[in-house]
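Reading through the structure tokens given below for one structure.
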Amino acid sequence: MQKIPFGPGYDEMLDPRLMDNNVRAKALAALRDNELDPINLFNISWKDAANEVRKVVLSPSLTGIDANVVVMLGNEFPSGSHKVGAAYCTLMEGLVDGEIFPGEHTILGPSTGNFGIGTAYISKLLGFRAVIIMPDNMSKERYARILKYGGELELTPGTESDVILTLERTREMMKNPKNKALAQFELFPNYRFHRHVTGGSAIDAVKGIGNGRIAGFTSAPGSAGTIAAGDQIKVAFPDAKIAALEPYECSTLANGGRGQHRIEGIGDKMCTLIHNVLNTDFVILVKDEETVQGVKIFHDGTDSLVRMGVEREFALGLRNLFGPSGICNVLGAIKLAKHLGLGTGDNVVTVATDGFDRYQSVLDEMSNRYQDMTAPVLDRWAREIFLGASPDNIFDFREPAVKERMFQQKENDWLKFGYSREFLDSMRHQEFWDAQYAKVEGYDRKICTLRVHTAEEQPLCSSSR
């Protein structure tokens with residue numbers, strides 16, 4: 001029986017209290033002192049050292065609404081983004097299933113950035129060669145982070161909207177049996193990580209906030225992994241509404257739009273295979289320029305936020321927590337709250353996938369497009385973007401006839417990659433998704449039974465089940 005490298009199970013990522021205390025302590029120290037120590041695998045969690053979800057709650061002075069916008073923060077995950085969790089689970093499931101072997105296989109990571117960074121990082125910690133396939137017009141910080149972790153780059157033409165080319169290149173490279181792809185858009189460990197770990201953490205995040213319930217969850221799909229959290233949220237709060245966010249300039253789910261946009265990490269001109277469209281209630285469009293302007297305001301517009309009524313200390317704390325996709329998620333949360341008429345005590349949850357550290361070049365490019373970004377301009381942007389976020393460009397997908405558009409989009413996207421119509425049709429039933437999720441328990445047992453750290457056996461996982 002193959003033993004696998006040391007790493008956490010799904011339940012441990014959701015609740016780090018289930019980890020061995022010494023392992024958890026060493027992991028927290030390594031997160032601060034040595035990010036390339038493999039013990040950092042045990043930092044793949046939304047929870048901090050106190051077992052609290054890392055989050056900020058945006059005030060009405062910033063959002064212009066009475067409902068709470070609870071933002072889960074991904075920037076303190078190892079590698080700087082929560083996408084590392086999906087990369088880890090995809091690789092780990094391949095290991096315990098005996099499909100991927102250390103020293104034998106090269107890991108492929110099709111991505112536009114954060115999943116690729118996570119793949120390079122996880123591969124480095126577990127001793128694999130990694131090749132990241134991504135478009136050639138993403139932020140230079142993303143490429144630099146991949147190279148820092150020892151990943152190799154295989155670049156395809158285009159930008160975020162051309163991710164389909166990365167899938168085609170990945171399929172070509174998989175003809176070599178030594179290459180194994182962590183294909184985030186189509187492999188279900190991505191779904192399982194986010195339904196179990198992100199969804200469960202979202203439920204924890206609202207405890208003690210407002211009415212302690214989740215009225216809405218917003219996520220801008222790239223791979224559509226994060227939005228799988230909505231499936232678990234609906235188990236706890238059946239009335240919760242789940243909104244998928246898209247760039248206004250590339251509104252593929254909403255109406256088949258296929259344009260270019262600048263929100264890195266989302267809006268990939270497809271309905272991904274792992275997107276459970278059954279639980280998507282709304283599709284909301286957000287303009288890409290507003291997300292970049294929002295990053296500028298959070299990072300350089302502290303005074304503008306203070307003039308809107310935000311406390312200075314809180315405004316300063318926002319400076320490094322958001323990239324464009326995080327701003328998109330916040331704007332979508334505001335729009336959803338307005339559309340639903342949410343008020344005091346209601347909670348809308350969303351995520352900030354990464355932090356500012358990989359977007360300085362985006363602001364540098366922005367400075368070439370605007371001659372004037374003085375305080376009055378930032379003041380105006382802040383008011384218009386956040387306080388003025390209007391509940392327009394919201395598409396209601398709750399009616400079966402409307403939802404059918406996404407099912408048809410998925411067929412159009414994935415039949416050409418060899419999936420049968422029968423398999424795609426099975427995704428029209430919640431039982432399919434629940435069966436995928438039920439595999440979490442079995443993988444937990446496999447991971448805990450097979451894992452080793454050097455020559456030292458680790459005990460079986462505890463379980464919250």
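The values are calculated or read from the model by the stated rules, or taken from the named source; none is laboratory data. Because the structure is a prediction, the values reported are computed rather than measured. Here the Cβ positions follow ideal geometry from the backbone for every residue, glycine too, while neighbour counts run over all protein chains shown. When the accessible area is computed, the model is the full protein with side chains, heavy atoms only, and any ligands, DNA or RNA have been set aside. Shrake-Rupley method; radii C 1.70, N 1.55, O 1.52, S 1.80 Å.
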note = Per the filter on the stretch 370-392, residues under 27 Å from the mean Cα position of the chain (by Cα) and either buried (at least 17 other Cβ atoms within 10 Å of the Cβ) or among the β-branched types (Val, Ile, Thr) (or both) are 381, 382, 385, 386, 389
Where a residue in the stretch 294-320 is farther than 13 Å from residue 373 by Cβ and hydroxyl-bearing (Ser, Thr, Tyr) and its partner, wherever it lies, is crowded, with 18+ Cβ neighbours inside 10 Å and modelled with pLDDT of 95 or more, with Cβ under 7 Å and at least six apart = 302/315
request  = Test each condition in (1) crowded, with 24+ Cβ neighbours inside 10 Å; (2) more than 15 Å from the chain's Cα centre (by Cα); (3) in a loop (DSSP other than H, G, I, E, B); (4) not acidic (Asp, Glu) for residue 112 and report the one that comes out false.
outcome  = (2)
message = Just to verify a result, which residue in the stretch 55-78, among those that are at pLDDT 95 or above and hydroxyl-bearing (Ser, Thr, Tyr), is farthest from residue 221 (Cα to Cα)?
response = 61
ask   = Restricting attention to the stretch 182-214, which residues are crowded, with 24+ Cβ neighbours inside 10 Å and farther than 21 Å from residue 440 by Cβ?
value = 206
query = hydrophobic (A, V, I, L, M, F, W, C) and open to solvent by 60 Å² or more (accessible area, probe 1.4 Å), is that true of residue 401?
reply = yes
query = Residues that are under 30 Å from residue 437 (Cα atoms): which helices (runs of 4 or more DSSP H) entirely in the stretch 127-200 hold 3 or more of them?
reply = 164-173, 188-193
ask   = Does residue 259 meet the test of being part of a loop (DSSP other than H, G, I, E, B) and modelled with pLDDT under 95?
value = yes
note = If we ask which residues in the stretch 351-383 are free of Cβ contacts under 8 Å to residues at least 60 places away in the same chain and among the charged types (D, E, K, R), their number turns out to be 5
ask   = Which condition does residue 352 not pass, out of (1) at pLDDT below 90; (2) within 24 Å of residue 214 (Cα to Cα), if it passes all the others?
value = (1)
remark   = Subset of the stretch 62-109, residues buried (at least 24 other Cβ atoms within 10 Å of the Cβ), outside any helix (DSSP H, G or I) and without any contact (Cβ under 8 Å) to a residue 60 or more places away in the chain, comes to 77
ask   = Tell me, which residue of the stretch 267-322 that is of a type in the set (Lys, Arg) and either outside the structural domain of residue 383 (by the TED database) or assigned to a loop (DSSP other than H, G, I, E, B) (or both) is surrounded by the most Cβ atoms within 10 Å (Cβ to Cβ)?
value = 269
